[in-house]
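Okay, so here's the structure we're looking at.
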Amino acid sequence: MDDAQLETWSLQQNKFMATVFNFDSAKAAIEAEMQQVAATLKAVIGEIMGGANNPVVDHVGVAMPIASDLTSAHPTSLLVFNVPTEYLELILKQRVWAHEKITLVAWPMSDDVPFPLMLFILGGFTTTDPEAVKTIVTNTWLSEPACWQIAAIISDDLGTDEGNLITVTETFVRSLRVIRLDLHFRGGTPFHQYQICAETPVFQPTTWFTLREYLFKLKYPSSLYGCGAAVDFYSCALCHSVAHPKGLCLFPTITNWKGPSWNSASITLEPRVNSSNRGGFGGRGRGSTRGRGRGL
Ligand SMILES: [Zn+2]
């Protein structure tokens, strides 16, 4: 993003970042498309706040992002600011709002937002067992020189007390979680990749990126199940997550979901015609796992 705009955004009050599901990110650089998103977003935020009858709706601002470099990917999140505290808390608490016009995820903007748990996605193993992959990753991280390199990176934030570094590094490795992605090659043959998640102990974004980058580039060999390596992140066409492809997106499984579905031919802001979906919001919740098994 443009640095000056980022500085201005940081100074706004009662704000959150909105990522819009119903939006083809390839169109983000087209100003007219972004203006339509901003106007629709403002209307939906107004509805959450009770509609035009609530006078504070007029004070809510929606700002569009400016790319810092015309050749780079254009940012797709918008700033919503001047939201009264009671509504801000409500919007952030529910996090995902599905409406017939637009579906959005609201991200807090504060200094204590935790780093993402997912570090990267591993592919290349022949096993279907996440526990086996967890063992391989654990052994790799605890082997030399990886464990010392991890400790060295962490020391940028936490100092060089060796005893503390060993404890923190071990705690980090113990926090490892492995989640299997069930995918299919064209033709239907199944294969598996694994989300690698862990609670990083660092607090500086640059340190987190350095650690993630180091672990991303490591090879993860095993005697029985092949050699794992990190794969490119996905870009879910529904929720814009980098953690899964569109076919594995669980949002459409939520009861009364009003956002885009797996069958959406294209992401559009045009009102959907299914009359049974008109009005109200579909909240975040647990649905069935009907999406599992759908792949690339
Ligand atoms: Zn998704």
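The values are calculated or read from the model by the stated rules, or taken from the named source; none is laboratory data. Everything numeric in this text was worked out from a predicted model, so none of it was measured. Because the Cβ atoms are built from the backbone with ideal geometry, glycine has one as well, and the counts that use them run over all protein chains shown. These area figures cover heavy atoms from the full protein model, side chains too; ligands, DNA and RNA do not enter into them. Shrake-Rupley method; radii C 1.70, N 1.55, O 1.52, S 1.80 Å.
Have a look at Ala28, Ala67, Ala243 and tell me which one the Gaussian network model of the chain (Cα, springs below 10 Å) gives the largest fluctuation.
Ala67
Using a 10 angstrom cutoff on alpha carbons, build the Gaussian network for the chain and name the most mobile of Val20, Val113, Val137.
Residue with maximal mean-square fluctuation among Val20, Val113, Val137: Val113.
Mind checking the angle between helix 162-174 and the chain's longest principal axis? C-alpha axes, 0 to 90 degrees, to the nearest 10.
60
Which shape class, rounded, prolate or oblate, goes with the stretch 118-231 when its Cα gyration tensor gives a ≥ b ≥ c as root eigenvalues, a/c under 1.5 marks rounded, and past that a/b bigger than b/c marks prolate?
prolate
Averaged per residue, what accessible area in Å² does the stretch 1-130 show with a 1.4 Å probe, protein chains only?
50
Within the stretch 90-125, list the residues whose amide N lies under 20 Å from a label point set 7 Å along Cα→Cβ of His59.
Correct set: 90-92, 109.
Cross-link list Lys27/Lys219; Lys15/Lys101; Lys27/Lys134; Lys101/Lys134; Lys101/Lys246: which exceed 32 angstrom alpha carbon to alpha carbon?
Pairs exceeding 32 Å: Lys27/Lys219; Lys27/Lys134; Lys101/Lys134.
Using a ≥ b ≥ c from the Cα gyration tensor of the stretch 182-241 (square roots of the eigenvalues), is it rounded, prolate or oblate, where a/c under 1.5 gives rounded and otherwise the larger of a/b and b/c decides, a/b for prolate?
Working: a/c = 2.92, a/b = 1.38, b/c = 2.12.
Taking the square roots of the gyration eigenvalues as a ≥ b ≥ c, the stretch 182-241 is oblate.
GNM, the chain, Cα, under 10 Å: largest mean-square fluctuation among Ile30, Ile102, Ile66?
Answer for the Gaussian network model of the chain: Ile30.
Which residues' amide hydrogens lie under 5 Å from the amide hydrogen of Leu119, considering only partners 5 or more residues apart or on another chain, with H built in the peptide plane?
HN-HN under 5 Å from Leu119: Ile196, Cys197, Ala198.
Dipole size in debye (nearest 20) for the chain around its Cα centre, Lys and Arg Cβ +1, Asp and Glu Cβ -1?
1540
Just reorder Glu131, Glu33, Glu170 by solvent-accessible area, largest first, 1.4 Å probe, all chains present.
Accessible-area ranking of Glu131, Glu33, Glu170, largest first: Glu131, Glu170, Glu33.
For Arg180, tell me the accessible area in Å² from a 1.4 Å probe, rounded to the nearest 10.
Result for Arg180: roughly 80 Å² accessible.
Summing +1 for each Lys or Arg and -1 for each Asp or Glu, what net charge is found among the other residues whose Cβ lies under 13 Å from the Cβ of Leu218?
Taking every Cβ under 13 Å from that of Leu218, the sum is +1.
Work the Kirkwood hydrodynamic radius out for the chain: mean of 1/r over every pair of different alpha-carbon atoms, inverted, in Å.
Values: mean 1/r = 0.0467 Å⁻¹.
Hydrodynamic radius (Kirkwood, Cα pairs) of the chain is 21.4 Å.
Sorted by accessible area (1.4 Å probe), largest first, how do Cys227, Cys249 line up?
Cys227, Cys249
As a check on your grasp of the helix formula, calculate [θ] at 222 nm for the chain: sum -39500 (n - 2.57) over DSSP H runs of n ≥ 4, divide by the residue count, round to the nearest 500. Don't skip to the end; give the middle numbers.
Details: 7 runs with 89 residues, N = 296.
Roughly -9500 deg cm²/dmol at 222 nm, from the helical runs in the chain.
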